[in-house]
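Peer 1: Here's a structure for you.
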Amino acid sequence: MNKEFPGKKACIAPEGVFIIGTYDENGVPNAMNAAWGAQSDYGEITLFLAPHKTTDNVKQTKAFTVAFATKDTVEIADYFGVETGRKVNKIEKAGCHTHKSAHVNAPIIEEFPVTLECEMTSYDDATGILVGKAFHDGMKLKG
């Protein structure tokens, strides 16, 4: 049996929940929730992001982290997706703890158990496509 889904809809589920961590121009950590992304090559991640404070930060620092949401971090991850970093310090308001990545100029959010440390290889303002090189020895596993 075939079923058609009219209109534009996400057709691959579940979508990932990626928490993108960056520093702003003053070195303040920021985080956003992104669902549109994938591993695009060995050691490479591609994210599809509309303009945000996060994309401004990545263009400035050329670095970001990608933490993976879990059932234990669902509330924090959801909050990072509904608030704007242009108006509030989401990390602080969520009560999260951060430290600087060992490999790139971006924060590790300690509440998330797995984090990729990424160097921006390209960002296209017109399409919102962000590509980053993930350091294999820069994957942080909690525990």
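Peer 1: Using a 10 angstrom Cβ neighbour count of at most 12 plus a DSSP loop assignment to flag exposed GluC sites (Glu not before Pro), which longest range of the chain is free of such sites?
Peer 2: Answer - 26-143.
Peer 1: Using the Cα atoms of the range 1-111 to build a convex hull, what is its mean projected area in square nanometres?
Peer 2: 9.1
Peer 1: Using just the helices of the chain, give the 222 nm mean residue ellipticity in deg cm²/dmol: DSSP H runs with n ≥ 4 each add -39,500 (n - 2.57), and the total is spread over all residues, rounded to 500.
Peer 2: -4000 deg cm²/dmol
Peer 1: How much length would be gained if the chain were fully extended between VAL82 and GLN60, taking 0.36 nm per residue of separation minus their Cα-Cα distance, in nm to one decimal?
Peer 2: 5.6 nm
Peer 1: Within the chain, which is the longest segment that contains none of the trypsin sites (Lys or Arg not before Pro) sitting in a DSSP loop with at most 12 other Cβ atoms within 10 Å?
Peer 2: So the longest stretch without any such site is 10-85.
Peer 1: Hey, another quick one. Looking at the range 22-130, which chymotrypsin sites (Phe, Trp or Tyr not before Pro) are in a loop (DSSP not H, G, I, E or B) and have at most 10 other Cβ atoms within 10 Å?
Peer 2: Loop-located and lightly packed - TYR42.
Peer 1: Can you compute the charge dipole magnitude of the range 18-141 about its Cα centre, using +1 on each Lys and Arg Cβ and -1 on each Asp and Glu Cβ, nothing else charged? Give it in debye, rounded to the nearest 20.
Peer 2: Dipole magnitude for the range 18-141 comes out near 200 debye.
Peer 1: What residue among SER40, GLY128, GLY81 has its Cα farthest toward the positive end of the dipole of the chain, where the charges are +1 on Lys, Arg and -1 on Asp, Glu, each on the Cβ?
Peer 2: Looking along the dipole axis, the top candidate is GLY81.
All of the numbers you see were taken from the coordinates with simple rules; none came from a lab. Keep in mind that this is a model prediction, so the values were computed, not measured. Reconstructed Cβ throughout: ideal geometry from the backbone, glycine too, with neighbour counts over all protein chains shown.
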